Amino acid sequence: MSALLEGKTALVMGVANRWSIATSIARALHEHGARLALTYEGERTKDEVEKLAGELGGGLALHCDVASDESLANLRAVLESEYKQINTLVHSIAFARREELAGKYYATGRDGFRIALDISAFSLVALSRELQPIIKPGGSVMTMTYLGSVRAVQSYNVMGVAKAALEASVRYLAVDLGEQGIRVNGISAGPIKTASARAVSGFTNILAEVALRAPLRRNVSANDVGNVSVFLSSDLSSAITGQVIYVDAGYSIVGI
Ligand code: NAP
């Protein structure tokens, strides 16, 4: 436990269960002194997220569906009345239909494309717009991305295209929010076994490939990502914005 984030409030979005990257991020931020608010989407996860919020200092556990503007406005209203302002926004949210995460990319349907881009990329834009009035100057917005944005990764398909849009959004939002002293960055995590990851066809082969070829000869854990989220939330990263930081045991730098 350190006091690096003492006095800071972090909103962590995308906790589905204990394996979620957002869960490890929330734990890490709490361990370094941040006060938390967590959000969840599925009603079936409500109890688990409330329990986690209780364990991590008793912060708010709020429902938010990023596909709904009304839900985003409601989130802002509750945060404003309970916490007034926040310092950190963690966007750890993505969705694509399972049938889009296998086979040929060109088979992606119009609706499948729209849903994946809406939930996984546009949601960061909508959230940034809605919450920017309550993010303190010096605050930090971060989102989770993956190598499939810049490389063609088998079966990742439309999610890779959504991540490319997400990473471009990081850069545009960094310019927009930089005027207010708010930083926006992406963390490109190596593959981690979570509910979302398991929806990608052949995911276990991807894990094995990384462990074999990454310079560090291992996969990354959600805790590795949590540690970087602490850095990005803290003033130690005060001059870093618009970047994608790879937390992938070095896999992305390997050629032949
Ligand atoms: P996860 O536990 O399944 O988290 C995904 C989250 O997105 C869930 O909490 C899910 O909530 C939420 N979500 C989906 N639709 C939503 C909506 N309409 N409104 C609000 N929330 C919604 O999987 P994860 O691996 O931790 O994923 C977190 C982020 O990390 C994603 O952006 C993912 O692409 C990224 N990432 C993952 C990996 C990996 O290998 N795991 C690698 C790099 C990047 P419900 O389940 O309640 O719907």
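Within the set ILE245, ILE240, the sole residue that is more than 27 Å from PHE113 (Cα to Cα), at pLDDT 95 or above and more than 10 Å from the ligand (Cβ to nearest atom) turns out to be ILE240. For GLU48, the criteria (1) within 16 Å of the ligand (Cβ to nearest atom); (2) part of a helix (DSSP H, G or I); (3) modelled with pLDDT of 95 or more hold in every case but one, which is (3). When SER188, SER221 are checked against the criterion of being out of contact with any Pro (no Cβ under 7 Å at 6 or more places or on another chain), open to solvent by 20 Å² or more (accessible area, probe 1.4 Å) and among the hydroxyl-bearing types (Ser, Thr, Tyr), SER221 stands alone in meeting it. Residues of segment 82-98 that are part of a helix (DSSP H, G or I) and more than 16 Å from the ligand (Cβ to nearest atom): GLU82, TYR83.
For LEU72, the conditions (1) under 22 Å from PRO137 (Cα atoms); (2) within 10 Å of the ligand (Cβ to nearest atom); (3) touching a strand residue (DSSP E or B) at 6+ places or on another chain (Cβ under 8 Å) are fulfilled apart from (3).
Count of segment 224-239 residues, restricted to those that are more than 12 Å from ALA189 (Cβ to Cβ) and either over 17 Å from the mean Cα position of the chain (by Cα) or buried (at least 21 other Cβ atoms within 10 Å of the Cβ) (or both), is 8. When you look at VAL184, is it touching a Leu at 6+ places or on another chain (Cβ under 6 Å), of a type in the set (A, V, I, L, M) and not in a loop (DSSP other than H, G, I, E, B), yes or no? Considered against the rule, which asks whether it is touching a Leu at 6+ places or on another chain (Cβ under 6 Å), of a type in the set (A, V, I, L, M) and not in a loop (DSSP other than H, G, I, E, B), VAL184 comes out as yes. Checking each residue in segment 132-159 for being buried (at least 21 other Cβ atoms within 10 Å of the Cβ) and either at pLDDT below 95 or more than 10 Å from the ligand (Cβ to nearest atom) (or both) picks out ILE135, GLY139, SER140, VAL141, MET142, ASN157, VAL158. Under the condition of being away from the ligand (no atom under 13 Å from the Cβ), open to solvent by 10 Å² or more (accessible area, probe 1.4 Å) and part of a helix (DSSP H, G or I), the residues counted in segment 29-44 number 2.
Residue count for segment 51-76 under the criterion of being assigned to a helix (DSSP H, G or I) and farther than 21 Å from ILE119 by Cα: the result is 5. Taken over segment 155-174, the criterion of being part of a loop (DSSP other than H, G, I, E, B) and on the phi < 0 side of the Ramachandran plot is satisfied by TYR156 alone. In the set (1) within 16 Å of the ligand (Cβ to nearest atom); (2) at negative phi; (3) touching a helix residue (DSSP H, G or I) at 6+ places or on another chain (Cβ under 7 Å), GLY14 fails one condition alone, (2). Residues that are out of contact with any Ser or Thr (no Cβ under 7 Å at 6 or more places or on another chain), over 21 Å from ILE25 (Cα atoms) and away from the ligand (no atom under 15 Å from the Cβ) are absent from segment 182-204. Looking across VAL230, VAL220, one residue alone is touching a residue at least 40 places away in the same chain (Cβ under 8 Å) and of a type in the set (Val, Ile, Thr). It is VAL230.
The values are calculated or read from the model by the stated rules, or taken from the named source; none is laboratory data. Just so it is clear, the structure is predicted and the values come from calculations on it, not from any experiment. For neighbour counting, all protein chains shown are included, and Cβ atoms are generated from backbone atoms with ideal geometry for every residue, glycine included. In case anyone asks, the SASA skips ligands and DNA or RNA and just uses the protein heavy atoms, side chains included. Shrake-Rupley method; radii C 1.70, N 1.55, O 1.52, S 1.80 Å.
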